Amino acid sequence: MSDILNLSIIYSTIRLAAPLLLAAMGGLFSERSGVVNIALEGLMLAGAFTSASVTHYAGSPWLGLLAGVAAGVFIAFIHAVACIHFEADQVVTGTAINILMLGVPTLLSGALFQTTGSTPQIPQSNLIPNAPIVIAFLLVPSVWYMLYRTPFGLRLRAVGENPEAADTAGVSVSRVRYLAVLTSGALAAIGGAYLSIGQSSLFTRNMTAGRGYIALAALIFGKWRPVQTMLACLLFGFAEAASIQMQGVTPYIRVEYIQIIPYVLTMVVLAGFIGASRAPKALGQPYKKR
Amino acid sequence: MKYLRHLALPLIAVLAAFIAGGIVVLLIGDDPVYTYRLLIGSALSWPDGIGYTLFYATPLIFTGLAVAVGFRCGLFNIGAEGQLTIAALATAWIGFTFSNLSAWMLVPLACAAAILAGAVWAAIPGVLKARFGSHEVINTIMMNFIAAGVTSALTQSYFKDPGDLILQTHSIAAAAHIPRLGRFIPGMPERIPTNIAFLLAIAACVLVYVFLWKTRWGYEIRATGANPKAAEYGGISVRRQIMLAMVVSGGLAGLVAVNEVMGYRYRYYQGFSPQYGFTGIAVALLGRNHPAGVLVAAIFFGALTRGGLFVDIFTENVSKDLVLVLQALVILFVAAEALFRGARAS
Amino acid sequence: MLELRNISKRFGNILANDRVSITVRGGTIHAIVGENGAGKSTAMRIAYGFYTADDGDVVVDGKPHRFTTPHEAIALGIGMVHQHFMLVEPMTVAENIVLGAEPGSFAALDIAGAAGRIRALSQEFHLEIAPDAVIEDLSVGQQQRVELLKALYRNARILILDEPTAVLTPQEVGDFFRILRRMREQGKTVVIITHKLDEVLAISDEVTVMRDGRVVGRRETKETNTAELARLMVGREVLLRLEKSNAHPGAPVLQVENLSMTASDGTERLASVSFEVRAGEIVGVAGVEGNGQTELIEALAGLIESERLSGDVRFEGRNITKFTARQRKQIGIAHVPEDRHRRGLLLDSDLSENSILGVHFREPAVRPPAYVMLDEAGIRRRAQAIIRDFDVRPPNPDLAARALSGGNQQKLVIGREFELPPKLLLISQPTRGVDIGAIEFIHRKLIALRDSGCAVLLVSAELEEVTALADRLLVIYQGKIVGEVEPPRVTTDQIGLMMTGGRA
């Protein structure tokens, strides 16, 4: 056991939690405004692919990161238009975006790099392994402050709880929701970019492997609050780090059983076994002016 | 006559998706007309095109029905992927464990295992929703991941042939094989994997139709999906309906195992499903959650899958992922216009 | 000071406002009356900028405007308090008030500054609201005062109030009128939208009457009376007296003993309620909405989990306290819910499917012996019988329920329940959102049902309706039965007093 609880696992936990935290903070914006964001997975993939590609071409991971954010915003815009303007079912649209992001990077990589989904390897010097982690954890107090101490945060919370009240007070519900969803796209994309140009050195097909869904689970686990969500992300990061560490150590427990612990935990929490969960009241309902 | 109105929306969505897809093809440097001609042509040729189209359509009919039944009760079953995975392992296990039984006993037994395994895997998120109110979307997604992990671990530990480098189980007994359609249809060779599971899929469509619209259980499920408060008022137990819908949905998804394990690979192969579960969502939406629509939509997507393989090989840059993109676009367009029809009861 | 000039507004194919012109003099309390659907709320929402008129202008201090957002109206000093409160429950009073006009900068919200001003306004108008209270913790009357503060905070000179007394007890209405008079003293102009004529006479200086989207009359309040206003509102003499023979009640059908109910938030909604309903009589329940009537009916219909209930419910002598909703239907308890859209109908299904909701598990909906397969011919026959006997229009069983008007939907629900046939009918708000013709039809059907020997428990927020129909009247207040009277022997004032906890 002492093999496991050491400094390296703390570092691993932070590294593994960072992308989750970025995506989860993005999800927080969107969901607090009332728009369900299942598409975090696809948004991360968009960010990962774009930043890897642009870093390869431009030689600079910062340009890559910027491009990744732009891609995330663009894809989030599609989600926003479908959900807010067309009032489409938000879960269905989110799922569609995830499927889209499974396919589009492969098509583009075929055209650009003649590969079946991967981008070319990026040299070590062009990676940013630490900056996104810093961004991720700095986000937590910033998001907290934004949510509870600024006018925009007030409006965001109001729109997610009672959009009609906000509307009659003169707040533009669609504008707030668009901003929220686009922000979630930007942040999730940074999370994805960290995966491709921070943690590893290229993009591979479906490299997020479900992290977007886990980020959403962490957000729900964290009751849509910044600090609790961060703790949830750390917990899930720890589970992943532990499972990697234990791979060599305990041959009697198959690694898959450890890997599924975060998933089981999420279901347990969702069932309310660890405190009641109160979602933003208007979550998932398109707003129609009466 | 009123059915024509229902057709308009899916047709427009498909058309729009193809146009958008065509633009994507242009952007990556290929000729959309050539690509689409290849896509559709290779799906309609005889015997290979139609044969393979129906083969790819079969699992989509099952998952499409599964998702559709869920939607009719107001539930979003994204877990078809996990349900069919568990079912496939269960079916294979029956197939190689009870190898001494005759075909008359083994085939129904294996089919029953498929349905039961899928139903149980769906029942878990069903109970969590019915008893605790926790939303089935996240739970079913989690169950998908858990299913992948559990089947991988079990196969690796217990069911693999020693020395086999591929993650797959032992072969099932010959008595558990179901015949390919080529045996009955002149002109279709038996190398084409379309098998009698396709007929089972059509039968499932009929059964689901009768179940939903001609029985009182179906009435109760649809009422629950349309307005749970009114259903409760009408003496319907919403919890029981959620369980019933999830169990039926899971069982339908599990039938994919019959096509895959008993009719094609004759074993369980880890990762055999090219996102049948997710594609089932597209099929259900396009088919307006109605068995007839699901049948047509599944065949359409089956044709796309078949065509996608050819497009992959015979074009410069376009890969079979074009099909994924087309599917996603179809879902988006259907969802955006579905506000007029209430395609998803919620 | 405020004028609507030739305002027209169309929603789809409904003309909600047809060349509406209303003049409100500065410093007065002006009432706008009309039935549900007359167009009063629409006209005022246009005045507030929440809707944009298709035609016509809103004239403020002599200058014409066509508002596209509430911002413009607020800037000119117009404030509106809606019928359903527009408050964000988990936030504080101050946060709700500043929403949309937040003090401080982009990066820092200055709630403390706002709180000071809120306290000052609260004192000036005797509103007694603390800025840091959380909305969920406030009573309905207090929440309404928060809404008033919102308007005052934005320097409203003209306040538009939509059905402000709908959720208040008579006691709270008195306090509310005192606040309105204080506002008039301070030079504010108040417009009240209401359909309660006695309140119009009590508080307003002038009244405008609307009907079917048009203005049909304007009066100085002191020169008119309720009868004239009612006549203008509905276009003919309103029959407040029903042709009703005496009841001949038989044996008790329903006996409720010490029924208590606790809601999921821990509050007690019903406190030891005891009463009985006999065959052949209509027992009415009068009370301000929110005093436990909804919970009472739902508990008796079997729609509340038994863990929340204590006490006994007996039907024809049998203890049915633990019976499910389905079991109660099976023994002959019918239920017309207060919210037909939410509880009573499958709006997107056709009338045939709606006609078997609640009885779909037995004949004629399903075929014996298995009672599984639906008998489509039988269902259709039943639907057509209901449509015929209850004058549901249009008489087409294949139409979706959504396509029917409110009155016809209600007739369908009532017809379905009457066809049970019931030995006990639980019916709540039978004529809410229903037009006059259907109201009379429904009242006659209820009397006929009573005369055929059925026991009826009737809940209605319309005091006139429940006093006209009931043979015995129970008054409910804060979950308790505080009085039982016979309607011909008491005045509305006495009932009103009981409804607020006073003694008759």
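The values are calculated or read from the model by the stated rules, or taken from the named source; none is laboratory data. Since the model is a prediction, treat every value here as computed from it, not as a measurement. Ideal geometry is used to build each Cβ from the backbone, glycine not excepted, and the neighbour counts take in all protein chains shown.
Every residue, every condition in (1) hydrophobic (A, V, I, L, M, F, W, C); (2) modelled with pLDDT of 90 or more; (3) under 29 Å from A:PRO105 (Cβ atoms); (4) within 12 Å of the chain's Cα centre (by Cα), yes or no:
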site: B:ASN259; (1), (2), (3), (4): no, yes, no, yes
site: B:PHE300; (1), (2), (3), (4): yes, yes, yes, no
site: B:PHE333; (1), (2), (3), (4): yes, no, yes, no
site: B:GLY342; (1), (2), (3), (4): no, no, no, no
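Going by the structure shown, is A:ALA165 crowded, with 19+ Cβ neighbours inside 10 Å, of a type outside the set (Phe, Trp, Tyr), in contact with a Ser or Thr (Cβ under 9 Å, 6 or more places away or on another chain) and without any contact (Cβ under 8 Å) to a residue 60 or more places away in the chain?
Spelling it out, it is not the case that A:ALA165 is crowded, with 19+ Cβ neighbours inside 10 Å, of a type outside the set (Phe, Trp, Tyr), in contact with a Ser or Thr (Cβ under 9 Å, 6 or more places away or on another chain) and without any contact (Cβ under 8 Å) to a residue 60 or more places away in the chain.
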Quiz item: Considering the stretch B:310-329 alone, what residues qualify as being more than 8 Å from every other protein chain (Cβ to nearest Cβ) and touching a residue at least 40 places away in the same chain (Cβ under 8 Å)?
Solution: B:PHE310, B:VAL311, B:PHE314, B:THR315, B:GLU316, B:LEU326
Quiz prompt | Subset of the stretch B:115-170 (residues that are over 15 Å from B:LEU75 (Cβ atoms), without any contact (Cβ under 8 Å) to a residue 24 or more places away in the chain and facing chain A (nearest Cβ under 8 Å)) | solution = B:MET142, B:GLY149, B:ALA153, B:GLN156, B:SER157
Quiz item: Regarding A:THR116, is this residue hydroxyl-bearing (Ser, Thr, Tyr) and touching a residue at least 60 places away in the same chain (Cβ under 8 Å)?
Solution: yes
Quiz item: Does C:GLU484 count as touching a residue at least 12 places away in the same chain (Cβ under 8 Å), assigned to a helix (DSSP H, G or I), of a type in the set (Asp, Glu) and over 30 Å from B:ALA226 (Cα atoms)?
Solution: no
Quiz item: With C:SER105, C:SER41, C:SER8, C:SER21 as the choices, which residue is in the same structural domain as C:THR221 (by TED's automatic domain parsing), in contact with an Asp or Glu (Cβ under 8 Å, 6 or more places away or on another chain) and over 26 Å from C:ILE203 (Cα atoms)?
Solution: C:SER8
Quiz item: Just one of A:PHE77, A:PHE49 is more than 12 Å from every other protein chain (Cβ to nearest Cβ), surrounded by fewer than 18 Cβ atoms within 10 Å (Cβ to Cβ) and in a helix (DSSP H, G or I); which is it?
Solution: A:PHE77
Practice problem: Taking the residues in the stretch C:342-389 that are touching a Ser or Thr at 6+ places or on another chain (Cβ under 7 Å) and not aliphatic (A, V, I, L, M) as candidates, determine which candidate is surrounded by the most Cβ atoms within 10 Å (Cβ to Cβ). | Solution: C:ARG382
Quiz prompt | Condition check for C:VAL288: farther than 18 Å from C:PRO337 by Cβ, crowded, with 21+ Cβ neighbours inside 10 Å and at pLDDT 90 or above | solution = no
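Yes/no matrix, rows are residues, columns are (1) in a loop (DSSP other than H, G, I, E, B); (2) under 20 Å from B:CYS111 (Cα atoms); (3) modelled with pLDDT under 85; (4) touching a strand residue (DSSP E or B) at 6+ places or on another chain (Cβ under 6 Å):
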| residue | (1), (2), (3), (4) |
| --- | --- |
| B:GLY29 | yes, no, yes, no |
| B:ILE50 | no, no, no, no |
| B:THR58 | no, yes, no, no |
| B:GLY64 | no, yes, no, no |
Exercise. Pull up the stretch C:129-144, narrow it to residues that are part of a helix (DSSP H, G or I) and at pLDDT below 90, then point me to the one that is farthest from the other protein chains (Cβ to nearest Cβ).
Key: C:GLY141
Self-check item: Residue list for the stretch C:360-407, restricted to those being of a type in the set (A, V, I, L, M, F, W, C) and within 28 Å of the chain's Cα centre (by Cα)
Solution: C:ILE386, C:ILE387, C:PHE390, C:VAL392, C:LEU399, C:ALA400, C:ALA401, C:ALA403, C:LEU404
Self-check item: Selected residue [within 13 Å of chain B (Cβ to nearest Cβ), over 15 Å from B:GLY235 (Cα atoms) and of a type outside the set (Val, Ile, Thr)] from C:PRO364, C:PRO397
Solution: C:PRO364
Self-check item: Residues of the stretch B:266-311 that turn out to be within 30 Å of B:TYR158 (Cα to Cα) and among the small types (Gly, Ala, Ser), as a count
Solution: 3
Quiz item: In the stretch A:112-121, is there at least one residue being out of contact with any strand residue (DSSP E or B) (no Cβ under 9 Å at 6 or more places or on another chain), in a helix (DSSP H, G or I) and small (Gly, Ala, Ser)?
Solution: no
Quiz item: Residue check, B:LEU207 against (1) at pLDDT 90 or above; (2) away from chain C (no Cβ under 14 Å); (3) within 19 Å of the chain's Cα centre (by Cα), all met but one. Which one?
Solution: (2)
Quiz item: Would the stretch A:85-97 turn up any residue that is over 21 Å from A:GLY210 (Cα atoms) and in a helix (DSSP H, G or I)?
Solution: yes
Practice problem: Considering each of B:THR63, B:THR97 in turn, give the residue that is hydroxyl-bearing (Ser, Thr, Tyr) and surrounded by 22 or more Cβ atoms within 10 Å (Cβ to Cβ). | Solution: B:THR63
Exercise. Examine the stretch B:287-306 for a residue that is surrounded by fewer than 24 Cβ atoms within 10 Å (Cβ to Cβ), within 14 Å of chain A (Cβ to nearest Cβ) and among the basic types (Lys, Arg), and state whether such a residue exists.
Key: yes
Practice problem: Give the stretch C:21-51 a look and list any residue that's assigned to a loop (DSSP other than H, G, I, E, B) and within 30 Å of C:ILE436 (Cα to Cα), or say none. | Solution: C:GLY34, C:GLU35, C:ASN36, C:GLY37, C:ALA38, C:GLY39, C:PHE50, C:TYR51
Self-check item: Test for B:GLN270: is it surrounded by fewer than 21 Cβ atoms within 10 Å (Cβ to Cβ), modelled with pLDDT under 95 and on the phi > 0 side of the Ramachandran plot
Solution: no
Quiz item: If you scan the stretch C:61-119, which residues turn out to be aliphatic (A, V, I, L, M), free of Cβ contacts under 8 Å to residues at least 24 places away in the same chain, assigned to a loop (DSSP other than H, G, I, E, B) and within 9 Å of chain A (Cβ to nearest Cβ)?
Solution: C:LEU99, C:ALA107, C:ALA108
Practice problem: Being touching a Ser or Thr at 6+ places or on another chain (Cβ under 7 Å) and within 25 Å of B:GLY133 (Cα to Cα) is the filter; apply it to the stretch A:196-246 and report the residue that is surrounded by the most Cβ atoms within 10 Å (Cβ to Cβ). | Solution: A:ALA218
Quiz item: What are the residue pairs meeting all of these: first residue in the stretch B:64-78, first residue closer than 19 Å to B:ALA223 by Cβ, second residue in a loop (DSSP other than H, G, I, E, B), Cβ atoms under 6 Å, and 6 or more apart or on different chains?
Solution: B:ALA68/B:ASN289; B:GLY70/B:ASN77; B:PHE71/B:ASN289; B:PHE71/B:ARG344; B:ARG72/B:ASN289; B:GLY74/B:ALA345; B:GLY74/B:SER346
Quiz item: Got a sec? Which of B:ALA8, B:ALA66, B:ALA20 is aliphatic (A, V, I, L, M) and within 22 Å of the chain's Cα centre (by Cα)?
Solution: B:ALA66
Practice problem: Look at the stretch B:110-129 and say how many of its residues are surrounded by 21 or more Cβ atoms within 10 Å (Cβ to Cβ) and more than 18 Å from the chain's Cα centre (by Cα). | Solution: 5
